[in-house]
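Take a look at the structure set out below.
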Amino acid sequence: MRRSRRTSLFRRNVRYVLIIVLSLCLIYLLVARQMRFFVVPTRSMEPTLVPPEYLVTLQGEPYRRGDIVVIDDPVFPGEYLVKRLIALGGDEVSVRGGALFLNGSFASEPYLREEIDYALEPYRVAEDEIFVLGDNRNESVDSHNWAVEESSPPRVAGVPKASIIGRVYGVYLPFDRIRKVSGFPLATVRQIRDGD
């Protein structure tokens, strides 16, 4: 009788400890890492992300070229976009011959849906900005073609680094597509040769 009472008390205490530990982990993710939840609304990130996948993001520097991030929409306040971070402040971005060039060197992008069908003259990203593109480049509204009120036709535009909500960590719905989402280290041929 005593033994079962001790066992019951032990099990109850273990449950309380587990609840406390899980609660602290959840509080850490929600408060310190600012965990947020989003849905993929368009095909601009195919084939990496497809609608209507549900995403979880976590905040955390440093952000790197190739990360998939959710940002504040620079054209429609209060809306959000999911895009791939292509360049950081000080980088030069261009597109020619269906390929991306970073700082004058070819950048491999095996995740693209198809070859890029537009050209982009060299664009230098401001120090406090980032440059983002969708993986479905030919159907994505992003840094290469954002239309803003004072600009017609659409213009190339970086977005403030502060507009990053968080890095996409994973897909949690639908259940058959649950997975971790990893960025692709976007390096140029020159960086790979030099070991940067």
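The values are calculated or read from the model by the stated rules, or taken from the named source; none is laboratory data. Computed from a prediction, not measured in an experiment: that's the story for all the values here. Cβ: placed from backbone, ideal geometry, glycine included. Neighbour counts: every protein chain shown.
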Qualifying positions in the range 38-63 - assigned to a strand (DSSP E or B) and touching a residue at least 24 places away in the same chain (Cβ under 8 Å): Phe38, Tyr54, Leu55, Val56, Thr57, Leu58
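Please verify whether Gly66 is assigned to a loop (DSSP other than H, G, I, E, B) and surrounded by fewer than 15 Cβ atoms within 10 Å (Cβ to Cβ), treating the condition exactly as stated.
No, not satisfied.
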Ile27, sole failed condition from (1) part of a loop (DSSP other than H, G, I, E, B); (2) modelled with pLDDT under 80: (1)
Matching residues in the range 92-145 - criterion: being of a type in the set (Gly, Ala, Ser), touching a residue at least 40 places away in the same chain (Cβ under 8 Å) and assigned to a strand (DSSP E or B): Ser105, Ala107
